[in-house]
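Here it is: the structure, laid out below.
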Amino acid sequence: MFIYPEIKANRQIWLPTTDGHQIYLEESGNQNGYPVIYCHGGPGGASSNQFRRLFDPEYYRIIIFDQRGCGQSKPFLSLNHNTSEHLIEDIELIRQHCQLDKFLLAGGSWGTTLALLYAQQYPQHVSAMLLRGIFLARKQDLAWLYEPQGAARLFPDYYHEFKKFLSNSAQSSEQIIDEYLAQLTSSNQIKQLTAAKAWCAWESQIAKLHFSHEATEQATQTHHAMAMALLECHYFKNQCFIAENQILNNIDKLESIPATLIHGRYDAVCDLSQAWQLNQAWQSSQLLIVPEAGHSLGEIAIAKACCQASDDFMKYFKEQEKLET
């Protein structure tokens with residue numbers, strides 16, 4: 001089984017926070033099964049039916065949520081009380097609401113960043129981690145994605161389209177993000193949407209080993225594009241609200257947590273060096289480099305690797321249960 005059949009959610013709720021946000025939360029699979037919480041990408045992405053299909057629904061209690069300001073969470077596009085620390089505490093709120101002691105923590109792209117930050121703050125609640133498309137949220141990682149000497153050298157045609165709305169002086173990732181954020185928060189709605197679609201088109205166009213018009217069309221749909229562009233710019237302008245190299249500098253907090261890291265060999269969104277450096281620093285992690293794959297979970301090889309990893313963890317958890325009884 002390389003990906004599980006599509007299933008419906010067992011329940012959907014909006015979980016209120018103490019500062020005015022309502023977090024969209026859904027559960028599927030085995031209501032009494034082993035819990036897994038999946039963190040979506042972005043910032044500003046959303047939960048997807050595809051996430052449910054990465055885990056055996058007969059074994060796992062699959063918990064998915066939309067982060068603040070995006071997806072079905074409310075209020076939509078809100079930047080108020082929207083930082084990494086708020087998102088970490090939202091996961092903790094979800095854990096408490098679902099009455100979980102320990103759980104498998106999974107995520108993709110920015111979801112790996114958020115999962116790692118949560119695990120470093122609450123390691124006692126994380127039994128294992130399954131992370132796909134590692135993003136460490138450092139200045140060099142943003143430079144790779146947005147500056148002319150990074151992924152742009154592989155995709156100069158797409159990068160030309162990405163930069164045509166910017167001034168010639170915008171060369172650093174900080175300058176590019178500032179100019180995009182100014183357009184995304186302007187009073188001109190046409191300018192907002194144009195900028196949002198251009199921002200999301202760039203990432204979508206380089207996310208797969210083989211370009212997909214359909215994927216780019218989906219990525220530039222108004223609802224998704226506005227949230228993804230605005231929240232990414234908001235977070236990236238603020239260095240994701242974390243210290244430079246915070247994840248690697250605190251890797252010792254994860255030493256007791258086993259992890260599987262999955263990364264496409266030709267990932268142009270989050271270059272492979274990020275996963276490599278994380279694996280080298282984290283002794284209890286194993287890195288699976290997927291050949292002939294890029295960044296997207298929509299690539300069959302990536303989805304297959306994630307399913308295999310979740311199956312391997314299922315066997316691991318069952319063995320742990322036997323040892324405890």
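Looking at (1) under 27 Å from I242 (Cα atoms); (2) in contact with a Phe, Trp or Tyr (Cβ under 9 Å, 6 or more places away or on another chain); (3) touching a residue at least 60 places away in the same chain (Cβ under 8 Å); (4) among the hydrophobic types (A, V, I, L, M, F, W, C), can you tell me which one W144 breaks?
If we test W144 against (1) under 27 Å from I242 (Cα atoms); (2) in contact with a Phe, Trp or Tyr (Cβ under 9 Å, 6 or more places away or on another chain); (3) touching a residue at least 60 places away in the same chain (Cβ under 8 Å); (4) among the hydrophobic types (A, V, I, L, M, F, W, C), just (2) comes out false.
Checking N249 against (1) at pLDDT 95 or above; (2) over 20 Å from G45 (Cβ atoms); (3) touching a Lys or Arg at 6+ places or on another chain (Cβ under 8 Å); (4) not acidic (D, E): exactly one of these is not met. Which one?
The failed condition is (3).
Scan the stretch 294-311 and report the pairs whose first residue is touching a residue at least 60 places away in the same chain (Cβ under 8 Å) and assigned by TED's automatic domain parsing to the domain that holds R52 and whose second residue is among the β-branched types (V, I, T) and in a loop (DSSP other than H, G, I, E, B), with Cβ atoms within less than 7 Å and a gap of 6+ or a chain change.
Close Cβ pairs satisfying both conditions: H295/V269; A303/I3; K304/I3; C307/I3.
Additional query: Among the residues of the stretch 186-219, write down those that are more than 22 Å from W110 (Cα to Cα), surrounded by fewer than 17 Cβ atoms within 10 Å (Cβ to Cβ) and in contact with a helix residue (DSSP H, G or I) (Cβ under 8 Å, 6 or more places away or on another chain).
S186, K191, T194
Quick one: how many residues across the stretch 55-97 are touching a residue at least 60 places away in the same chain (Cβ under 8 Å) and among the small types (G, A, S)?
Selection size over the stretch 55-97: 3.
Checking L100 against (1) buried (at least 21 other Cβ atoms within 10 Å of the Cβ); (2) of a type in the set (A, V, I, L, M, F, W, C); (3) over 23 Å from Q218 (Cα atoms), only one condition comes out false. Which one?
Going through the list (1) buried (at least 21 other Cβ atoms within 10 Å of the Cβ); (2) of a type in the set (A, V, I, L, M, F, W, C); (3) over 23 Å from Q218 (Cα atoms), L100 breaks only (1).
Separate question: Considering only residues of the stretch 190-228 that are touching a Cys at 6+ places or on another chain (Cβ under 6 Å) and within 20 Å of A268 (Cα to Cα), which is modelled with the lowest pLDDT?
Restricting to residues being touching a Cys at 6+ places or on another chain (Cβ under 6 Å) and within 20 Å of A268 (Cα to Cα), the top hit is A219.
For P57, only one of the following conditions fails: (1) closer than 29 Å to E244 by Cβ; (2) part of a loop (DSSP other than H, G, I, E, B); (3) touching a Gly at 6+ places or on another chain (Cβ under 6 Å). What is its number?
(1)
Still on this model: Would you say Y159 is over 20 Å from A293 (Cα atoms), more than 22 Å from the chain's Cα centre (by Cα), buried (at least 20 other Cβ atoms within 10 Å of the Cβ) and of a type in the set (S, T, Y)?
Yes: the conditions hold for Y159.
Evaluate the following for S296: is it surrounded by fewer than 17 Cβ atoms within 10 Å (Cβ to Cβ) and small (G, A, S)?
No: the conditions fail for S296.
Considering only residues of the stretch 173-209 that are assigned to a loop (DSSP other than H, G, I, E, B) and touching a residue at least 60 places away in the same chain (Cβ under 8 Å), which is farthest from F236 (Cα to Cα)?
L209
What are the residues in the stretch 261-298 that are modelled with pLDDT of 95 or more and acidic (D, E), if any?
Correct list: D267, D271.
On the given criteria, is S256 at pLDDT 95 or above, more than 27 Å from P148 (Cβ to Cβ) and either hydrophobic (A, V, I, L, M, F, W, C) or assigned to a loop (DSSP other than H, G, I, E, B) (or both)?
yes
Next up: Residues that are over 18 Å from A207 (Cβ atoms) and either among the basic types (K, R) or modelled with pLDDT under 95 (or both): does the stretch 114-133 have at least one?
Within the stretch 114-133, none of the residues are over 18 Å from A207 (Cβ atoms) and either among the basic types (K, R) or modelled with pLDDT under 95 (or both).
Also, I was wondering about something else. Is it the case that the stretch 77-91 has a residue that's part of a loop (DSSP other than H, G, I, E, B), among the acidic types (D, E), in the same structural domain as F317 (by TED's automatic domain parsing) and within 24 Å of N10 (Cα to Cα)?
No, the stretch 77-91 contains no residue that is part of a loop (DSSP other than H, G, I, E, B), among the acidic types (D, E), in the same structural domain as F317 (by TED's automatic domain parsing) and within 24 Å of N10 (Cα to Cα).
The values are calculated or read from the model by the stated rules, or taken from the named source; none is laboratory data. Keep in mind that this is a model prediction, so the values were computed, not measured. Virtual Cβ from ideal backbone geometry, glycine too; neighbours counted across all protein chains shown.
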